[in-house]
Amino acid sequence: MKKIIVFASGGGSNFQALIDALKNEKKICIKALVVDRNCGALKVAKDNQINSFMVNRHNDKFYNSAILKVICADADLIVCAGYLSIISAEIVQQFPEKIINIHPSLLPAFGGSGMYGMKVHEAVIASHVHFSGCTVHFVDCGIDSGTIIKQISVCVNEHDTPETLQKKVLVEEHKLLPEVVKELLS
Ligand code: GRF
């Protein structure tokens, strides 16, 4: 049985999409959710009887790394689904090519420090590009800089606002993330 740990900080819609997609998978299970704040993903875990753990993001980072190492010890894949804290280099090095992240743009465009959530979509609209999308990539020690695994693009039209774009991209995120997880673990 392949074990996944999901990290989240937000509403948990990608986490829910992953749960739904893996419902009938006999060889993959979501072992736990890790959050770094009180967030909607906790309710998703509770509703689906998945154990959850909260790390205090204001803690010393070495202390948090030690906790995460224990929680993730036998994980086959760590999935960052809207996790806003930086994963420490220690954890990244312990799980080489075993940590993935979903980002709501076509990386390397609109990634890096300060580019998260609605800020990404605001920057895309302000730059008048015709395409955006989402990316799943391996997590390395940089921000949004790891090897790209797969992307899905969406059209940005003249009537789009950051809010409409976010909705369009999120629909594709919910397909892309489970697809990549299944590919990596099969
Ligand atoms: C998603 O857009 C994801 O790409 C980004 O944060 C958002 C999380 O949404 N990193 P949710 O918590 O999965 O609903």
Considering only residues that are open to solvent by less than 10 Å² (accessible area, probe 1.4 Å) and within 11 Å of the ligand (Cβ to nearest atom), which ones fall in region 41-54?
Ala41
1 or more residues under 21 Å from Leu18 (Cα atoms), open to solvent by less than 50 Å² (accessible area, probe 1.4 Å) and touching a His at 6+ places or on another chain (Cβ under 9 Å): qualifying helices (runs of 4 or more DSSP H) within region 88-186:
162-185
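Is it fair to say Ala66 is more than 16 Å from the ligand (Cβ to nearest atom), open to solvent by less than 70 Å² (accessible area, probe 1.4 Å) and either over 18 Å from Leu184 (Cβ atoms) or not in a helix (DSSP H, G or I) (or both)?
Considered against the rule, which asks whether it is more than 16 Å from the ligand (Cβ to nearest atom), open to solvent by less than 70 Å² (accessible area, probe 1.4 Å) and either over 18 Å from Leu184 (Cβ atoms) or not in a helix (DSSP H, G or I) (or both), Ala66 comes out as yes.
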Inside region 35-77, can you point out the residues that are touching a residue at least 40 places away in the same chain (Cβ under 8 Å) and touching a Phe, Trp or Tyr at 6+ places or on another chain (Cβ under 6 Å)?
Ala41, Ile71
Assess whether Ala75 counts as being more than 16 Å from the ligand (Cβ to nearest atom) and among the hydrophobic types (A, V, I, L, M, F, W, C).
yes
Only one of Asn59, Asn38, Asn24 is assigned to a loop (DSSP other than H, G, I, E, B), within 15 Å of the ligand (Cβ to nearest atom) and either out of contact with any strand residue (DSSP E or B) (no Cβ under 8 Å at 6 or more places or on another chain) or open to solvent by 60 Å² or more (accessible area, probe 1.4 Å) (or both); which?
Asn38
I'd like to check something: does region 2-14 contain any residue that is surrounded by 13 or more Cβ atoms within 10 Å (Cβ to Cβ), in contact with a strand residue (DSSP E or B) (Cβ under 7 Å, 6 or more places away or on another chain), outside any strand (DSSP E or B) and at negative phi?
yes
Filtered residue count, region 1-19, keeping only those that are in contact (Cβ under 8 Å) with a residue 40 or more places away in the chain and away from the ligand (no atom under 11 Å from the Cβ):
4
Any pair with Cβ under 9 angstrom, 6 or more apart, that starts in region 169-186 at a residue that is closer than 20 Å to Val124 by Cα and ends at one that is exposed (fewer than 15 other Cβ atoms within 10 Å of the Cβ) and among the β-branched types (Val, Ile, Thr)
none
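Within region 128-138, restricting attention to residues that are out of contact with any helix residue (DSSP H, G or I) (no Cβ under 6 Å at 6 or more places or on another chain) and not aromatic (Phe, Trp, Tyr), which residue is nearest to Ile87 (Cα to Cα)?
Per the criteria, the residue is His137.
The values are calculated or read from the model by the stated rules, or taken from the named source; none is laboratory data. These figures come from a predicted structure and were not determined experimentally. Glycine also receives a Cβ, built like all others from the backbone with ideal geometry; neighbour counts cover every protein chain displayed. Accessible surface is based on the protein model in full, side chains and every heavy atom, while ligands, DNA and RNA are left aside. Shrake-Rupley method; radii C 1.70, N 1.55, O 1.52, S 1.80 Å.
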